[in-house]
1. Distances over 21 Å make up what percent of all Cα-Cα pairs in the range A:2-171?
2. What residues have an amide H closer than 5 Å to that of B:Ala110, excluding those fewer than 5 places away on the same chain, when H is modeled at 1.01 Å from N in the peptide plane?
3. Any idea what the dipole of the protein assembly as shown comes to, in debye rounded to 20, about its Cα centre with Lys/Arg Cβ at +1 and Asp/Glu Cβ at -1?
4. In what sequence do A:Val46, B:Val266 fall when counting other Cβ within 10 Å, fewest first?
5. Note down the net charge around A:Arg84, summing +1 for each Lys or Arg and -1 for each Asp or Glu among other residues with Cβ under 12 Å from its Cβ.
6. Just to verify a number: FRET efficiency for B:Thr164 and B:Leu144, C-beta to C-beta distance, R0 = 41 Å, to 0.05?
7. Along the Cα-to-Cβ line of A:Leu34, 7 Å from the Cα, sits a label point; which residues in the range A:76-92 have backbone N less than 15 Å from it?
8. Do any GluC sites (Glu not before Pro) in the range B:40-113 lie in a DSSP loop with no more than 14 other beta carbon atoms within 10 Å, and if so, which?
Amino acid sequence: MKLITSGLMAVATFASFAQVQAADLSVSIEIPELDVAEYHKPYVAVWIEDDRNQVVSNLAVWYDVDMRNAEGEKWLKDMRQWWRRSGRSLEMPVDGVSGATYGPGAYELEFTPGKAPLADLKPGDYRLRVEAAREVGGRELINIPFSWPQSSEKKLEEQGSSELGAIELTIKP
Amino acid sequence: MKMNVLKPLLLGALVAGTLSAEAHRAWILPQETQLSGEDRWVGFEAAVSNDIFVANYHAVRFNDLTVLQPDGDKSEAENLHTGKYRTVFDVKLEDEGTYKIFTASNGMRAMWEEDGKRRMYPGRGEQYTEEGFAENVPEKADKLRVMQSSRRMETFVTLGGPTTETLQPTNKGLELVPVTHPNDLYSGEQATFKFLIDGEPAEGAELTAIREGTRYRNSQDEISAVADKKGEVKLNWKGAGRYFIEVEYKDDKAKKPATERTGSYVTVLEVLPD
């Protein structure tokens, strides 16, 4: 995983750049600006499940990785679906998957087929799942079904309503 | 005020068949049941009360509170404190897996009449012992009933992924054997539990499950189920929350001199939202 950029403007700029790079699977995640008295950056998990609800790949887990004594792991279970389906059987942190949390903005994740974490992605039907949980805040889970691979470029989009903003999945042949 | 007096009496009448010294409901309530991270603690409250989970009647006084660690080793609860209406304690979770926190007893109970007065053994707060039974219970008496009786009250918490080492039955008394793991429950999913009486399927065991928050609604809104031939019940949750679950079993396959066998089981399970 490469975290390319942050900020809405930056994503727009990046989109044209990405075409040149011919990235094969990318996910854009928007974390909304929230007007709240006490703001903690959300924990976010991004993963792919197959048609039997089995996790085939963890793409990203953003949490308080740097807290002392792994204190930040205390809230991982608040991403309830991810925790149940994958997190609780992982040893955190996961190299190349886990990273620090981000504040409001849009973030683009890019992945290359055949390479981790997409190394084992066989042709088939899947869904991308993005789950966010925020301390003193709420939780939201967005699902985007997709088929892999695609013969032409495909852009799939879902709009979050509370803890997540626009989620975009772009697949290129 | 009248309600307060009536309610325990009514419940007392309902459970009289089990000869339960406490007619009230009792529970061990965990603050949370699925945890992540390292070196975590969970707080518990144990209380006797009829209002789920409002501690307003008696604290539970433990004789044998046991913490079973994921590897099956026993440890003890820490910071145990008994207040007016509730007993609180902590359990440290050092290893990943499922912990069982329980108290259980098996023994004989008897009730009879002496000079027109009702007598029972063991009395309230008393522990069954073979010697105590021999000493206290007459061989013949008016309305003598001797029962082989078991009671178990427990709950479960899991750090990391759920495990099953601590869920193995002892084959004594009425026990829950998970088909669905008790720390892996979600509101939109059916859960299956199996009940054993002395190691055999507890066919006919009657289960009642009540979701927390009864004081904020107008009915108990309980889920009722009866164990099938395999001792299994299937539950469809009424939303997320912590559930008080009570199971009662009774038959006549008792060890002598008992003529009835009874089992009572209580657990608190947490059901998470989908």
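Please treat every number below as a calculation from the coordinates, not as lab data. Bear in mind that the values here come from a model prediction, so they are computed numbers and not experimental data. FYI the Cβ positions are ideal-geometry reconstructions off the backbone, even for glycines, and counts take in every protein chain you see.
1. Pairs farther apart than 21 Å: 46 percent.
2. The answer is B:Tyr121, B:Met147.
3. 1420 debye
4. Fewest-to-most Cβ neighbours within 10 Å comes out as B:Val266, A:Val46.
5. Residues near A:Arg84 contribute -1 overall.
6. 0.45
7. Residues A:76, A:78-80 fall inside that zone.
8. Those satisfying the criteria are B:Glu76, B:Glu94.
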